[in-house]
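**Student:** Questions regarding the structure given below will be posed in turn.
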Amino acid sequence: MPEHDPPYPDPYLPPTFAGDPRTPPPRRLRRHDDTDDAGPVTGVLDAALAEDQRWSTWSAVEKGQRGPEPRPEWVVTADAAVDTELGVLKTGKEADVFLVERAVPGDDARRSLLAAKRYRDLDHRAFRRDTVYTEDRRVRRTRDRRALDRKSRYGRQVAAGQWAAAEFAALGELWSAGVPVPYPVQIDGNEILMEFVGTSDGTVHEAAPRLARTRPDADLLASWWDQVRDAMAVLARLGYTHGDLSPYNVLADGDRLVVIDLPQVVDLVANPFGTELLLRDCRTMAAWFASRGLDADADELFAALLAQAW
Ligand SMILES: Nc1ncnc2c1ncn2[C@@H]1O[C@H](COP(=O)(O)OP(=O)(O)OP(=O)(O)O)[C@@H](O)[C@H]1O
Ligand SMILES: [Mg+2]
């Protein structure tokens, strides 16, 4: 173990050497101008990829699968970019989130950190969200509908892809509306690549803590409550509530809060449980702020949001 034992296995080490410090680090990517590699160019380049690397999938996905414009400057779009998996940020019941670097080797200006959220289509994936939230979502392809009903392997793939697509669409719409959510870079099947929320000095990467883990002083607490209310208000004006809002789905990026985990975003009008879920979101958030000493009133927030939703 490292010198200062982290409370849990260091999430930023690649899985291969998370458990075993003797495992050698992944091979470094060779520079394109390496001269001792003769042979076809693609062969050389592919041989240069280590096991935890792949060519950037940016060009492989269609335009509609990329994030909204105007695209932030840090998004790396070069064909020469390589995705390197740096480790697991969090494994969950429905999805696993990995830290991925997308960078043009040797070009520090074109280097970005991404969170890759991969929805599971495995047998043990829990479907806890599938009932209440999908009331208003139609599945048009009948084979998909039947597969979902049977929960066949194909069905699980469809469900995983739909959750990913739903979250990607929500992130794009909300980001464009100014809600503090990670910028969605692209979607490819079950995988969403989005802005990594956290800090990095180039070597050490630290994900922003979840709100639940923080102990803000009174001023910061008040500012964060304002930010939560503002974010929920923008959502309400668009006709939505998060649907699973909690201090575990809000990251504290310094003084700024970032809302995450949006696959089940709820349409307040179309979903018969919309108002209930809005109230639950208000109560969960107000309860956390109250537990930290702020006079946060869930009913007052709920009323204010309802008034803006219609
Ligand atoms: N963009 C991001 N930047 C940094 N960390 C992230 C990002 N997205 C997710 N994470 C980390 O991964 C965790 C899980 O993400 P998310 O809540 O979206 O997935 P989930 O499948 O719902 O997981 P859980 O069941 O734990 O809520 C987050 O709590 C956060 O710690
Ligand atoms: Mg979550």
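The values are calculated or read from the model by the stated rules, or taken from the named source; none is laboratory data. Owing to the predicted nature of the structure, the values given are computational and were not obtained by experimental measurement. Neighbour counts are summed over all protein chains in view; Cβ atoms, including those assigned to glycine, are modelled from backbone coordinates with ideal geometry.
**Student:** Give me the residue from segment 90-112 that is in a strand (DSSP E or B) and in contact with a Gly (Cβ under 9 Å, 6 or more places away or on another chain) and, out of that set, farthest from ligand 1 (Cβ to nearest atom).
**Tutor:** ARG111
**Student:** Let me ask something else about it. Could you grab the pairs with beta carbons closer than 7 Å, sequence gap of 6+ or different chains, first residue in segment 277-291 and touching a residue at least 24 places away in the same chain (Cβ under 8 Å), second one outside any helix (DSSP H, G or I) and among the hydrophobic types (A, V, I, L, M, F, W, C)?
**Tutor:** Listed pairs, sorted by first residue: LEU277/VAL266; LEU278/LEU268; ASP281/LEU245; THR284/LEU245; MET285/LEU245; PHE289/ALA296.
**Student:** Quick check on segment 237-253. Is at least one of its residues more than 23 Å from GLU173 (Cβ to Cβ) and at pLDDT 95 or above?
**Tutor:** For segment 237-253, residues more than 23 Å from GLU173 (Cβ to Cβ) and at pLDDT 95 or above: present.
**Student:** Another question, then. Do we have any residue at all in segment 208-222 that's in contact with a helix residue (DSSP H, G or I) (Cβ under 8 Å, 6 or more places away or on another chain) and within 16 Å of ligand 2 (Cβ to nearest atom)?
**Tutor:** Yes, that holds for at least one residue.
**Student:** Counting just the residues of segment 168-200 that are of a type outside the set (A, V, I, L, M) and either part of a strand (DSSP E or B) or outside the structural domain of LEU99 (by TED's automatic domain parsing) (or both), which one comes out farthest from ASP267 (Cα to Cα)?
**Tutor:** Ranking the qualifying residues of segment 168-200, first place goes to SER200.
**Student:** Residue by residue through segment 235-252, note down the ones that are within 11 Å of ligand 1 (Cβ to nearest atom) and either of a type in the set (Gly, Ala, Ser) or in contact with a His (Cβ under 9 Å, 6 or more places away or on another chain) (or both).
**Tutor:** SER246, ASN249, ALA252
**Student:** Just to check your reading of the model, which residue among ASP281, ASP261, ASP299 is in a loop (DSSP other than H, G, I, E, B) and charged (D, E, K, R)?
**Tutor:** Only one candidate passes the filter, namely ASP261.
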